[in-house]
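Asks: Below you will find the structure I want to go over with you.
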Amino acid sequence: MSIPSNTPQTLAFIGGGNMASAIIGGLIKQGTPADRILVVEPFVEARQRLQAQFGVRVLAAADATLTEAGLVIWAVKPQTFKEAAQQTCNFCANALHLSVAAGIRSDSIASWLGSERVVRAMPNTPALVGLGQTGLFARAAVTAADKTWIEQVVATTGALLWVKDEPLLDAVTAISGSGPAYVFFFIEAMVDAGVKMGLTVEQATQLAIGTFEGASQLAKTANEPPSVLRERVTSKGGTTYAALTSMQSAQVGELFQIALQAAQHRAHELGNEYGA
């Protein structure tokens, strides 16, 4: 990853959990030197892990070292964001800020940090294996060069897209941010069903995960929409037809949409609860 020549070269992370680790791992794989990455992480065990795994610089608390940072990535929990910002803002007023905290709106972030150069991101956990999906929203003060830098960083974890209206990030949260849990939920159900039908756990797990993996790849590479691909597998009176008819009778599709709307609503509530 090339770092823009007109910005300081240090990338700082506030928080060193799973999402920060996914981004750090991607950056290092793409050539960012470990000594250009700084992580503020209060937990000793997490700092030790980051140093051992990536060789990055770590701090137990924010200090003047953060003035080196051209980009600060906020990988903190929503409920701790405001406090972390208050402890950090004096050291990084001139930096570009990228938040991966769910729900916290950019108005709050800009107010806490005293900066309008704020980008919000909604990533998901497949970023840990380089297959993430990340939605992005930029405030008006974020320049084209800033966006390019953000894209270079986020692209190390998978695919990305920009939304023009910030509330759309709540929809991104509902679909892809929380989405891996839905997939795991269905995999669990398929494995349980397979075991009840006589398969071993190992056999059912292989079949369930492999089916999701293969169907996802087919949906990604095919020229037809998922509805057409579904119809091709569904012969009237056949086994797939029996399963889908059962799900339609139980209104699984409608209930699933209601569940996603609940996630969207909760994302909005987080902004109200933990925002300024």
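The values are calculated or read from the model by the stated rules, or taken from the named source; none is laboratory data. Here the structure is a predicted model, which is why all the values come from computation and not from measurement. In this analysis, Cβ positions are derived from the backbone assuming ideal geometry, glycine residues included, and neighbour counts consider all displayed protein chains.
Asks: Looking at the stretch 229-276, which of its residues are more than 24 Å from ALA189 (Cβ to Cβ) and small (Gly, Ala, Ser)?
Replies: GLY237, ALA267, GLY271, GLY275, ALA276
Asks: Only one residue in ASP170, ASP165 is surrounded by fewer than 17 Cβ atoms within 10 Å (Cβ to Cβ) and farther than 26 Å from PHE91 by Cα. Which one?
Replies: Values: ASP170 fails: surrounded by fewer than 17 Cβ atoms within 10 Å (Cβ to Cβ).
After applying the criteria, what remains is ASP165.
Asks: For ALA219, state whether it is free of Cβ contacts under 8 Å to residues at least 12 places away in the same chain, surrounded by 13 or more Cβ atoms within 10 Å (Cβ to Cβ), out of contact with any strand residue (DSSP E or B) (no Cβ under 8 Å at 6 or more places or on another chain) and closer than 22 Å to VAL172 by Cα. Talk me through it step by step, then tell me what you get.
Replies: Values: free of Cβ contacts under 8 Å to residues at least 12 places away in the same chain: yes; surrounded by 13 or more Cβ atoms within 10 Å (Cβ to Cβ): yes; out of contact with any strand residue (DSSP E or B) (no Cβ under 8 Å at 6 or more places or on another chain): yes; closer than 22 Å to VAL172 by Cα: yes.
Yes, satisfied.
Asks: Another one. Just wondering, is there one or more residues in the stretch 141-150 that are assigned to a loop (DSSP other than H, G, I, E, B), surrounded by fewer than 17 Cβ atoms within 10 Å (Cβ to Cβ), in contact (Cβ under 8 Å) with a residue 40 or more places away in the chain and not hydroxyl-bearing (Ser, Thr, Tyr)? It would help to see each step written out before you state the result.
Replies: Residues of the stretch 141-150 that are assigned to a loop (DSSP other than H, G, I, E, B), as a first pass: 141-143.
Those still in the list that are surrounded by fewer than 17 Cβ atoms within 10 Å (Cβ to Cβ) too: 141, 143.
Applying the additional criterion that residues be in contact (Cβ under 8 Å) with a residue 40 or more places away in the chain yields none.
No, every residue in the stretch 141-150 fails to be assigned to a loop (DSSP other than H, G, I, E, B), surrounded by fewer than 17 Cβ atoms within 10 Å (Cβ to Cβ), in contact (Cβ under 8 Å) with a residue 40 or more places away in the chain and not hydroxyl-bearing (Ser, Thr, Tyr).
Asks: Mind checking whether some residue in the stretch 221-229 is under 26 Å from PRO126 (Cβ atoms), more than 28 Å from the chain's Cα centre (by Cα) and not assigned by TED's automatic domain parsing to the domain that holds PRO126?
Replies: yes
Asks: From (1) modelled with pLDDT of 95 or more; (2) surrounded by 12 or more Cβ atoms within 10 Å (Cβ to Cβ); (3) within 25 Å of PRO123 (Cβ to Cβ), pick out the condition that doesn't hold for TYR274.
Replies: (1)
Asks: More than 20 Å from the chain's Cα centre (by Cα), in contact (Cβ under 8 Å) with a residue 60 or more places away in the chain and at negative phi, is that true of THR67?
Replies: Against the criterion (more than 20 Å from the chain's Cα centre (by Cα), in contact (Cβ under 8 Å) with a residue 60 or more places away in the chain and at negative phi), THR67 does not qualify.
Asks: Then there's this: Which of the helices (runs of 4 or more DSSP H) contained wholly in the stretch 183-275 include at least 3 residues that are of a type in the set (Ser, Thr, Tyr)?
Replies: 201-221, 239-249
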